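Q: This is the structure, below, for whatever I ask next.
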Amino acid sequence: MISALPQGALSRVLTVLALVALLMPATGARPVSAQSQADLDELEGQIEEQEEQVQAIDGQIEISIAQLNEIIGEQRELQAQLDALNDELAGAQTELDNRERILAATTAELEATAARLDRTRDELVDQQQTLEDRVRQSYISARPDSAFPLIAVGDAASFTQATTYLQAIQSRDRAGFEQVAVLETRIAADEAELERLRGRQDDDRAAAQVERDRVAGLVAQQEALVAEVQQRAADKQTVLAGLEADRDTAEALIAEFEAESAEIERELAAAAAAEEERRRQAAAAAAAAASSNGSGFTNSGGSSAPDVVSGGGSAGVSTGGRFILPVGGRISSEFGYRVHPISGSTRLHAGMDIAAGTGTPIGAAGSGTVIFTGWRGGYGNTVIVDHGGGITTLYAHQSRIGASVGQSVSTGQVIGYVGSTGYSTGPHLHWEVRVGGSPTNPRGYI
């Protein structure tokens, strides 16, 4: 039929076909861009995974620091108690030392009393012997043959002298008896005092020793508690050091991944710019060709091929923009900075979360080619679709994937099912739109 067309019409048709071929996205002609996009998405997933690990480590560090502070507070409290017990022990030791000094003085007094008692006993023995001698001598003097010379005294003066002599002897004997009685009383008192001092000495020494031993035991227990808490603090500091080392390692990986991601983004941006330039030049060439033919022909838009829906049915909600919403449901989180629901940190939410029940079909937001399917760290089960022009869409947290790499999909075609895999708090679809590899607000495309 083409050969039957007039020569001018055939020329115009060939020109239009060439223009359409140049302007149509050549999906199979961008292996480098598609691969770079897949690599970029892989890096983004790795970065997110490492960031989540850093956040988890930070949470553990925060908990460990709180525990360490609690241990340090407990350590200070126990140390204060130990200091008080040491003061009490010092007081008990001082009291024991005082008791020992008192005991030393008491011992000296005891020894002096014992010596005095010995002297008193010796003196008593002497007095008793003297008294016995006097009594014996008085008995001898009082015999009739001995008393006769006294009675036979002739004059009064001699009699008076003899009487006075006998009275003196009786007075001296009576004093001897009294002195013996006094000595016996003193000995009894000294023996009682000696026994009292001995008892007090034993009681004082025992009481002081018991108190010192009690406080020393408390100090030993407190020292054991302080040592245990110090060991716990040392163990916790070791854990903290390990966590900080893990965080440094994760942050180093993040820096490495981010540097690689930036390089890939530059590659994608350059590829997108090159493609745009190629398209511009092709359009200019086509326009020039059409002008040279003098046709003035322009594409009125005609009818285009309808979107193909897979046998599994269609999904998604049309909104009149370039893309449709992949699932119907409540938008639970918009694109932008937010407080992360799990880690609690503030970070960019690179997409849109749409709440839906587990198993809800997910439709492709637009026609394109699937360039990735599988597990993507915190994203869980993920599908990425390349729509041409450097634009890709990402569908995360799926319970089950319904597409394969290299598959061409049409708008609304089922590519997976809602779930809560990866880093997720509940069933929902996390949907991203990326331009040149960088996340952008999906609101501008729906």
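Q: Mind checking which residues of region 406-425 are within 22 Å of GLN53 (Cα to Cα), without any contact (Cβ under 8 Å) to a residue 60 or more places away in the chain and small (Gly, Ala, Ser)?
A: GLY422, SER424
Q: For region 219-259, which positions are among the acidic types (Asp, Glu), under 22 Å from ASP58 (Cβ atoms) and surrounded by 13 or more Cβ atoms within 10 Å (Cβ to Cβ)? If you could, list the steps in order and put the result at the bottom.
A: Residues of region 219-259 among the acidic types (Asp, Glu): 223, 228, 235, 244, 246, 248, 251, 256, 258.
Right, trim to under 22 Å from ASP58 (Cβ atoms) and you get 235, 244, 246, 248, 251, 256, 258.
Residues satisfying the conditions are GLU244, ASP246, GLU251, GLU256, GLU258.
Q: Take region 206-215 and flag every residue that is of a type outside the set (D, E, K, R) and surrounded by 14 or more Cβ atoms within 10 Å (Cβ to Cβ).
A: The first filter runs over region 206-215 and keeps only residues of a type outside the set (D, E, K, R), leaving 206-210, 215.
The answer is ALA208, GLN209, VAL215.
Q: Which ones in region 76-120 are among the β-branched types (Val, Ile, Thr), within 25 Å of ALA207 (Cα to Cα) and in contact (Cβ under 8 Å) with a residue 40 or more places away in the chain?
A: Narrowing region 76-120 to residues among the β-branched types (Val, Ile, Thr): 94, 102, 106-107, 113, 120.
If we keep only those that are within 25 Å of ALA207 (Cα to Cα) as well, we get 94, 102, 106-107, 113.
Selection gives ILE102, THR106, THR107, THR113.
Q: Kindly provide the set of residues from region 381-405 that are under 22 Å from SER438 (Cα atoms), surrounded by fewer than 20 Cβ atoms within 10 Å (Cβ to Cβ) and touching a residue at least 40 places away in the same chain (Cβ under 8 Å), ordered by number.
A: Correct list: GLY388, GLY389.
Q: Something else about it: Restricting attention to region 29-39, does a residue exist that is outside any helix (DSSP H, G or I), modelled with pLDDT under 65 and exposed (fewer than 15 other Cβ atoms within 10 Å of the Cβ)? Working first, answer last.
A: Step one: of region 29-39, the residues outside any helix (DSSP H, G or I) are 30.
Keeping just the survivors that are modelled with pLDDT under 65 gives 30.
Filter once more, keeping what is exposed (fewer than 15 other Cβ atoms within 10 Å of the Cβ): none.
No: region 29-39 contains no residue that is outside any helix (DSSP H, G or I), modelled with pLDDT under 65 and exposed (fewer than 15 other Cβ atoms within 10 Å of the Cβ).
Q: So, one more: Does GLN201 satisfy the criteria of being closer than 29 Å to ILE63 by Cβ, at pLDDT below 85 and surrounded by 15 or more Cβ atoms within 10 Å (Cβ to Cβ)?
A: Numbers: closer than 29 Å to ILE63 by Cβ: no; at pLDDT below 85: yes; surrounded by 15 or more Cβ atoms within 10 Å (Cβ to Cβ): yes.
Here the answer is no, as GLN201 does not meet what is asked.
Q: Same structure again: Within region 289-303, is there a residue that is at pLDDT 75 or above and either exposed (fewer than 12 other Cβ atoms within 10 Å of the Cβ) or farther than 30 Å from GLN67 by Cβ (or both)? Steps first, answer last, please.
A: From region 289-303, those at pLDDT 75 or above are 289; that's our starting set.
From the residues that got through so far, the ones that are either exposed (fewer than 12 other Cβ atoms within 10 Å of the Cβ) or farther than 30 Å from GLN67 by Cβ (or both) too are 289.
Yes, there is a match, as at least one residue in region 289-303 is at pLDDT 75 or above and either exposed (fewer than 12 other Cβ atoms within 10 Å of the Cβ) or farther than 30 Å from GLN67 by Cβ (or both).
Q: Name every residue in region 61-75 that is under 8 Å from the mean Cα position of the chain (by Cα) and surrounded by fewer than 16 Cβ atoms within 10 Å (Cβ to Cβ), in order of residue number.
A: Step one: of region 61-75, the residues under 8 Å from the mean Cα position of the chain (by Cα) are 61-68.
Those that are under 8 Å from the mean Cα position of the chain (by Cα) and surrounded by fewer than 16 Cβ atoms within 10 Å (Cβ to Cβ): GLU62, ILE63, ILE65, ALA66, GLN67.
The values are calculated or read from the model by the stated rules, or taken from the named source; none is laboratory data. Quick caveat, the model's predicted, so the values are computed rather than measured. Glycine also receives a Cβ, built like all others from the backbone with ideal geometry; neighbour counts cover every protein chain displayed.
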